Every structure is written in C-alpha cells, then in structure tokens.
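Worksheet: the structure to be examined is printed underneath.
The values are calculated or read from the model by the stated rules, or taken from the named source; none is laboratory data. Please read all numbers here as calculations on a predicted model, not as lab measurements. We place every Cβ from the backbone using ideal geometry, glycine too, and count neighbours over all the protein chains shown. Protein only, heavy atoms only, side chains kept; ligands, DNA and RNA dropped before computing areas. Shrake-Rupley method; radii C 1.70, N 1.55, O 1.52, S 1.80 Å.
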Amino acid sequence: MTPPTPTARRARPPSSRGRPAGAAPPPRGPPRRPRPPRLVIVGIVLTALNLRPAITSLGALLEEVRTGLGMSGSVAGLLTSVPPLCFALFGVMAPRLARRFGPAAVVCAGMVAIAAGLLIRPYAGGTAGFVAASALALMGIAVSNVLMPVIVKRWFPDRVGSMTGLYSMALALGTSCAAAVTVPMTEALSGGWRTGLTVWALLAAAAVVPWLPLLRDRDARSAENPRGASRSVRGGGGASGSSRGSGGASGSGREAAPVLRITRSRTAWALAVFFGLQATAAYITMGWMAQIFRDAGVPAGTAGLLLALTMVMGVPLAFVIPRLATRLPHQGPIVVVLGVCGLLGYGGLHLAPAQGAWAWALLIGISNCSFPLALTMVGMRARTGAGVVQLSAFAQSTGYLISIPGPLLVGVLYQHSGGWGLPLALMAALMLPQIAAGVLAGRDRLVEDEAAR
C-alpha cells in the first residue's frame, strides 16, 4: 500500500485520529438556532401597539361616553380604575396559561379578546355592559403584556435589548397615537363616539394574524425555561424591565435558591409603594387628563394631542433613565427630579390649565417616566436572578393593588366638588409619598440581606 500523500494527510480531519471505524463524527460546535421568522417581529410590534389604545382612546372621548351612557363622575372614576384591577387579577393567570398552551397561543388569544372587547363595548347597551366589555379587552392586554417578554426571550435570546427597545417604542407609539388620533378620526368618520372607539378593534384584529402560523410550531409554544420565565414576568408590565426579568428567569430556574421572605425587606415595601403610586398617577393621567383640559376650554382634538404628548415622552426617556440610574449609586436624585416635575405640572393645571397646557403636559409626561425607573430599581435591589424574580412579582403585584383606588377617588372628588381643584390637590399630595418611597427604594440595599435579618 502506498503511503498517503501529504495532501491526503492534510485532508484527513484531525478529529478522526483514534476514532473507531464507523463512529459518527463529533459535532463541530453548538447547533445553530433557527433564524426567527419575520412574522415574530411583526407580531411583537403589532401586539405592543395594542396594549394601551383601549385605555387612552377612552380617555380622549370620556365626556362623550359619560353623556351617551348617562354615567356619573363616580362611575367614570370606577371605569378608569378597571385597568390596574384587571392587570393585577388577570396578569397572574398568564404564566399558568402559557405553561399549558404556549406563550404564542395565549398572546394570540389575548389579541382576540382585545378585538372582541373593543368591538362589543360601545354597543353593549349600558354602563354595566360597557365595563364588562372593557374588562374583556383589558384581560387580553394583561396576559399579553405579561407574556411578551417571554416571547422576546424565546425567539431573540441574543437580541433581548434591541427587541425590547423596539417593543417599548411600539407600546409608547400605540399609547400616544390612540390619544392623538381618536377625536379627529371620530369627527372624520361622523359616527359618534361609538365609531371612534370601535375602530381600534381593527388594529387588534390585525395583530391576531401574525401569531396564527406560529401556533402550529411546537417550538413557539414553549418558552426557553417556562417555569422560570413565567415567574419572572408575573409583575413585568413594562418593556424596560422585560430584558431584566427574562434574563434573570433562566438563571432562576437553575439556581434552586430558597424563597426569600420578601415582606421582611423595607426596600421591597418601599419599591412596592413607589411602583403603586407612580401607577396611580399614570392611570389618572390616561383616564382624566384630556377631560381636565377640555373642562378648561381646550378643544377636544387639542386635548387629545396634549395627552399624546404626555404619553410619547416615554419613548426617549425609557432609554435614558435606566442607563442613568445604573450609573448612580443612589437613584434618589432621579426620583426627586421626576417628582418635582409632577408637582409643577399639577400646580400648573390648577392655576392656568389652558394658558400653559403644553408645558404642563410635558412636565407630567416626564414625571410619568417613573415607571422605567421603578423597573430598573427592581433589577438593582436584588443580588441573584431568583431575588429579582421575587422582588419584581411582589413590587408590581402589590403596586397595582395600591393603584386601584386612585382614579376612582379622583372621579368621586370631581363629581362632588364640581371642579378639578380637589382632584389636582390629591394628585399633588400623592406625589409626596411617591418621592419619599422612591428615595428609600433608591438606596444601595439588597433585599436578600434585609430579608435574612
């Protein structure tokens, strides 16, 4: 037998030396993850666009809805309290549903619920039917809001930051567009407030389509780590904290860390109060701010644009504030700046609501960016991934419960006082404990250390 030529020696793979004949060659590297279909990106964007229009479109037409349904100010306040209540109740169901049916299937069902609720509620025949149909739409929003970070983590594990940014921008865009477009679109369609609210069901129906092909994909029906991921997003309503929650989930599923007695931590309680009070301000703003401007003589279309300005401030600041917060040893100064902006905005609404309307909307929009700050502090106040998961679930679930009475109380005060003086005084007064709780939550503390004492 002639010896192999040098070329033949070079052509023989080094890994074959010493391998038994007929043995399969060892893998050359980890298997490449299949490229996510573009439908996933389209589905994420369309879903994010639908997570707030049900709330802000109603805020823009609240006066017409109240008149059309014969709704009192107290009942209207109850209506503006429904979103946080639904988020607290139905969001808890999302992880269990995802484990059984898959995140993509549950998000698809959530979009169907939003479309059905928005289609039914203007023609439900009364206040009770309107509230029930709104709750159906908000249930779809709640489960979709919770599971979107799981979808992002599953399909884009190496691009969580960029996809979360895209998702966050789409959410803020949907929020602001619904506030700005609802009134002029209602006038253009000449169909009254019922038509103006029903139109948004079309956007939700469009969001169903990209998820349908994914339902047949078994890989899309399970998260990277279903149990861990579901725990991480139980409190995760916001986009800014999604990557943190999802990232910590994978680790938490493997760490087998003991459950913290989170209620022993003062920082956890401070963070829960801060989250609840900033959520209170946000839902009062979405539900009542356009009405405040309209009662001051601002045209309905302009009032919608002012509300849109307030909402759209979350697009740039959701990127800036978390980065700044992680570079500071104490986040208290950011809390104070945001709180002072809120106090100035509420004071301006009381003293000169129409004359300085754009300035007050801008200041309140900046103040409402306490939401991404709260989510950032959740990730900074725990040492481990398991700690972040437990802190996030406690702070956000407790916070949403705290936020429920605020919009209702504003409606009651508005009805019985006949003006906005007392409601605005309440909103400004709530800003003071929000600042105090945020300063306490912003200290360089770890909940694991406090819970162990």
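Some observations on this one:
- When each of GLY406, GLY365, GLY418, GLY399 is tested for being more than 14 Å from THR285 (Cβ to Cβ) and open to solvent by less than 40 Å² (accessible area, probe 1.4 Å), the lone residue that passes is GLY399.
- Considering residues of region 64-86 that are out of contact with any Gly (no Cβ under 6 Å at 6 or more places or on another chain) and of a type in the set (Val, Ile, Thr) only, the residue modelled with the lowest pLDDT: VAL75
- Pairing residues of region 107-129 that are open to solvent by 30 Å² or more (accessible area, probe 1.4 Å) with residues that are part of a loop (DSSP other than H, G, I, E, B) and at pLDDT 95 or above, at Cβ distances under 9 Å and at least 6 apart in sequence or on separate chains, gives no pairs at all.
- Residues of region 37-50 satisfying the condition of being modelled with pLDDT of 90 or more and under 24 Å from THR195 (Cα atoms): LEU46, THR47, LEU49, ASN50
- Checking region 322-331 against the condition returns no match, with no residue being buried (at least 24 other Cβ atoms within 10 Å of the Cβ), in a helix (DSSP H, G or I) and of a type in the set (A, V, I, L, M, F, W, C).
- Annotation note: of LEU260, LEU214, the sole residue that is modelled with pLDDT under 85, over 20 Å from the mean Cα position of the chain (by Cα) and not in a helix (DSSP H, G or I) is LEU260.
- Filtering ARG323, ARG381, ARG327 for residues that are in contact with a Lys or Arg (Cβ under 8 Å, 6 or more places away or on another chain) and either modelled with pLDDT under 90 or not hydroxyl-bearing (Ser, Thr, Tyr) (or both) leaves a single hit, ARG381.
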